[in-house]
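See structure below.
The values are calculated or read from the model by the stated rules, or taken from the named source; none is laboratory data. All figures in this text were calculated on a predicted structure; none of them were measured in a lab. We place every Cβ from the backbone using ideal geometry, glycine too, and count neighbours over all the protein chains shown. Side chains included, ligands, DNA and RNA excluded: accessible areas come from the protein's heavy atoms. Shrake-Rupley method; radii C 1.70, N 1.55, O 1.52, S 1.80 Å.
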Amino acid sequence: GEAMENAFGCKLTIGPPLAGGFYYDSYMGTDAFREDDYKPIEAEVSKIAKQKQKFERMVVTKEEALELFADNPFKQEILTTKVADGTRTTVYKCGNLIDLCRGPHVSHTGKVKAFAATRHSSTNWLGDTDNDTLQRMYGISFPDKKMLKAWKENQEKAKERDHRRIAQKQELVMFHELSAGSAFWLPHGTRIYNKLIEFIKKQYWVRGYDEIITPNVYNLDLWHQSGHAMHYKDAMFCFDVEGQEWAMKPMNCPGHCLMFGDSIRSYRDLPIRFADFGVLHRNELSGALSGLTRVRRFQQDDAHIYCREDQIADEVVGALDFMKYVYGVFGMTYKLELSTRPKKALGDMALWDRAEAALAEAMNKFIGEGNWRENPGDGAFYGPKIDIKVMDAMERVHQCATIQLDFQLPIRFNLQYSTGNKEEGKQFARP
């Protein structure tokens, strides 16, 4: 931040740490970063590091902080919205830089022995395209120059393995600004794409899944009923149809609920496993789009299993086994995490407890106790989930498959099956 401020006179906004480095967003008016700017930033960082500037932590009132950042509207907005009136916050002083930060930091800048500016991009303040355009500079630092050298060597290897580079070189996929975030599958890529779908579909038959086909567009009333409109509408492509609001589907689950609820179901029918390769669209911000890892149009081997509560553990083990088989074919390694009840969880807490216990039982059965970790409070608002983290060729972690339990959709769509029990009030239950 200090280097960017010194070199470009920009207004700093936010600069969080990442798993592999950090970045800082800044406002530069109509100017933008170029690769030619990397060296001046690195030189400025090196100069600052040699000065061994101390990081000084200061506690200030909200009013004092607003005065400190009177010439920075972005810091002013952070302070106005994030710091309560009559309270205090922390700032750090480093050389001629004073910045909002919780800390902690190293004792002085001399601890940074090696630094590299790694890439840049543009974004918008608070991720809103209606706000000011910001320039983002990524960087990484090490306490030893040898570590930076090793990191750069790994980055070169990563470039060779970058799927975007491979896709272009082998004529698999192309992208175009007239449909940003949507892949154009070229003939070679389409052959691979279709082969992958064929591979998964064969497993559907083996594992008792019924493939279905559902619409791409729905009246928004469906998404109000499912609850997605409240939580997800900003990420949906919506449009007018004869005076009513419609949207392209960002996920398959509400459509599958309509299909389940269209017939009378018995406990003997369960589990019912619906699998769908439907096309999904999500209105991702343009600045977040990246190759095939963050797109606006995609298809996924998506399935919804409707089962009795006593079948949950076995069905989860079956889904995990499906995942293990597919990942094993491609030599992919993975780790499992159980994401539990969040603060804004909906539904009966006793049901949450039983569901989390069922997922834990399934994972113990599948991979053994102690071979998975709990991720407290990171479950979806409608139910706990198992997150499967995969590692790529460079051992970077990516969130991929997810196994979720959803109690809310059966309630919202009034889904039920006959239990075979004649006792009053127990004739029907929710899947």
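For the reader, a short list of remarks on this structure follows.
- For the range 43-113, the relative contact order is 47 percent, taking Cα pairs closer than 8 Å that sit 6 or more residues apart in sequence and dividing their mean separation by the residue count.
- Rolling a 1.4 Å probe over the protein heavy atoms gives the range 171-278 an accessible area of 59 Å² per residue.
- Annotation for the range 345-431: trypsin sites (Lys or Arg not before Pro) lying in DSSP loop with at most 12 further Cβ atoms inside 10 Å of their Cβ are ARG396, LYS422, LYS426.
- For ASP162, ASP37, the ranking by accessible surface with the largest value first comes to ASP162, ASP37, using a 1.4 Å probe.
- Only one residue of THR133, VAL91, SER121 has its Cα farthest out toward the positive end of the dipole of the range 91-133, where Lys and Arg carry +1 and Asp and Glu -1 on Cβ, and that residue is VAL91.
- Crossing angle, helix 187-206 versus the chain [Cα axis fit, 0-90 degrees, rounded to tens]: 40 degrees
- Nearest 10 degrees, 0 to 90: helix 145-161 Cα axis against the chain principal axis: 40 degrees
- For the range 286-417: accessible area per residue (Å², 1.4 Å): 52 Å²
- Using the empirical formula 2.2 N^0.38 Å as the baseline, the Cα radius of gyration of the range 235-285 reaches a ratio of 1.51.
- Fully extending the segment from LYS152 to SER46, taken as 0.36 nm per residue of separation minus the present Cα-Cα distance, adds 36.4 nm.
- Over 23 Å between alpha carbons, listed pairs LYS93/LYS113; LYS11/LYS159; LYS113/LYS159; LYS365/LYS389; LYS39/LYS111: LYS11/LYS159; LYS113/LYS159
- Calculated FRET value between SER263 and PHE330, using beta carbons and R₀ = 45 Å, to 0.05: 0.75
- From its DSSP helices (H runs of at least four residues, each -39,500 (n - 2.57)), the chain gives a residue-normalised ellipticity at 222 nm of -10000 deg cm²/dmol.
- Charge dipole (debye, nearest 20) of the range 304-411; +1 at Cβ of Lys and Arg, -1 at Cβ of Asp and Glu: 300 debye
- Summed over all non-identical Cα pairs, the Kirkwood treatment of the chain gives a radius of 25.5 Å.
- Excluding same-chain neighbours fewer than eight residues apart, the lysines reachable from LYS343 by a Cα-Cα span under 21 Å are LYS82, LYS385.
- Loop-located trypsin sites (Lys or Arg not before Pro) across the range 69-140 with a Cβ neighbour count of 11 or fewer within 10 Å are ARG102, with loop assigned by DSSP.
- Relative contact order (%) - the chain, alpha-carbon pairs under 8 angstrom, separation at least six: 11 percent
- Beta bridges per DSSP with both ends in the chain, % antiparallel, nearest 5: 90 percent
- Once the Cα atoms are used to define both axes, helix 312-329 deviates from the longest principal axis of the chain by about 60 degrees.
- Near the amide H of THR118, within less than 5 Å, lie the amide hydrogens of TYR138, GLY139, ILE140, all on another chain or at least 5 residues away, with H placed in the peptide plane.
- For the range 200-340, convex hull volume per residue from C-alpha positions, Å³: 159 Å³
- Excluding same-chain neighbours fewer than eight residues apart, the aspartates and glutamates reachable from LYS169 by a Cα-Cα span under 13 Å are GLU160.
- The range 15-61 - Rg over Rh from alpha carbon coordinates, Kirkwood radius: 1.04
- Range in the chain, longest, excluding exposed GluC sites (Glu not before Pro) [loop by DSSP; at most 13 other beta-carbon atoms within 10 Å]: 1-170
- The share of accessible area on the chain that comes from carbon and sulfur is 51 percent, using a 1.4 angstrom probe.
- Check: the chain dipole with +1 on Lys, Arg Cβ and -1 on Asp, Glu Cβ, in debye: 1540 debye
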